[in-house]
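Just below is one structure, and these are the notes that go with it.
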Amino acid sequence: MQSDQASSIQFVTIYKAPQRGKGKKLLEKGFQLDDFPYNPPYFDGKCYFAGPNDKSIAEEFNQSYQEGILEVTIDREAYKQYFQSLEYCYDEQDGLRRVEVVIPQNLFPVLNQFSRVLKPR
């Protein structure tokens with residue numbers, strides 16, 4: 001097995017298109033309560049990600065925000081324990097179900113333990 005394949009088995013990557021002006025802050029400081037308040041534009045205080053290993057939803061939002069794509073790489077076991085139950089069907093595109101992961105504020109400290117990379121637009 002090649003190392004890239006082994007890596008993809010051990011880790012899950014989820015993707016976020018940060019709103020304009022927030023990419024660098026999320027990269028450096030992680031996900032903070034004040035960035036996801038209980039009023040618009042994040043009325044529910046949750047952080048929305050494109051699901052595991054499919055950044056197409058984030059790419060769509062990035063067309064508006066133009067801040068890049070924030071990738072969070074999570075240990076597969078931790079993903080199963082904390083985040084997999086937060087997966088929801090976003091829609092279907094080209095016959096494939098696209099998944100979003102909706103992470104509540106109480107899991108931000110767990111989420112912030114994992115590596116983040118902001119990929120340019």
Note to self: Let's see if you can work this out: charge +1 on each Lys and Arg Cβ, -1 on each Asp and Glu Cβ, no other charges. What is the dipole magnitude of the chain about its Cα centre, in debye to the nearest 20?
What the structure shows: 400
Item checked: Label corresponding to log10 I(q)/I(0) by the Debye sum over Cα atoms at q = 0.13, 0.20, 0.22 Å⁻¹ when calculated from the structure given, among (1) -0.59, -1.10, -1.26; (2) -0.49, -1.21, -1.45; (3) -0.71, -1.30, -1.38 -> (2)
Note to self: Quick query: amide H of residue 13 versus all other amide H atoms, modeled in the peptide plane; which residues come in under 5 Å with a sequence gap of 5 or more or a different chain?
What the structure shows: 53, 74
Next item on the list: In whole Hz, with x marking every Gly and Pro, tabulate ³J(HN,Hα) for segment 70-75 from phi via Karplus 6.51 cos²θ - 1.76 cosθ + 1.60, θ = phi - 60°.
Entry: 8, 9, 10, 9, 10, 4
Margin query: Are there any GluC sites (Glu not before Pro) in segment 82-115 that are in a DSSP loop and have at most 11 other Cβ atoms within 10 Å? List them by number.
Written below: none
Next item on the list: Quick one: what are the phi-derived ³J(HN,Hα) couplings along segment 19-36, Karplus 6.51/-1.76/1.60 with θ = phi - 60°, whole Hz, x for glycine and proline?
Entry: 5, 3, x, 10, x, 5, 4, 5, 4, 7, 10, x, 8, 10, 4, 5, 7, 9
Item checked: Percent carbon-and-sulfur accessible area, the chain, ignoring ligands, DNA and RNA, probe 1.4 Å -> 48
Check: Which length gain, in nm to one decimal place, applies between residue 19 and residue 88 when the Cα-Cα distance is subtracted from 0.36 nm times their residue separation?
Finding: 22.7 nm
Note to self: So, for the chain, what is the accessible surface per residue at a probe of 1.4 Å, expressed in square angstrom?
What the structure shows: 60
Margin query: Helix-only mean residue ellipticity at 222 nm, the chain, DSSP H runs n ≥ 4 weighted -39,500 (n - 2.57), per residue, nearest 500. What is it?
Written below: -6000 deg cm²/dmol
Next item on the list: Name the residues whose placed amide hydrogens come within less than 5 Å of the amide hydrogen of residue 90, ignoring near sequence neighbours (fewer than 5 apart) on the same chain.
Entry: 98, 99, 100
Item checked: Selection of chymotrypsin sites (Phe, Trp or Tyr not before Pro), segment 13-121, meeting DSSP coil and at most 10 other Cβ within 10 Å -> 43
Check: Got a sec to turn the phi values of segment 49-58 into Karplus ³J(HN,Hα) couplings, 6.51 cos²θ - 1.76 cosθ + 1.60 with θ = phi - 60°, whole Hz, x for Gly and Pro?
Finding: 10, 6, x, x, 6, 9, 8, 4, 5, 4
Checklist line | Additional length obtainable on full extension of the chain from residue 60 to residue 77, 0.36 nm per residue less Cα span | finding: 3.3 nm
Check: Lys/Arg Cβ at +1, Asp/Glu Cβ at -1, dipole of segment 72-121 taken about the Cα centre: which of 110, 85, 120 is farthest positive-ward?
Finding: 120
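The values are calculated or read from the model by the stated rules, or taken from the named source; none is laboratory data. No experiment lies behind these values; they were computed from the predicted model shown. Cβ: placed from backbone, ideal geometry, glycine included. Neighbour counts: every protein chain shown. Side chains included, ligands, DNA and RNA excluded: accessible areas come from the protein's heavy atoms. Shrake-Rupley method; radii C 1.70, N 1.55, O 1.52, S 1.80 Å.
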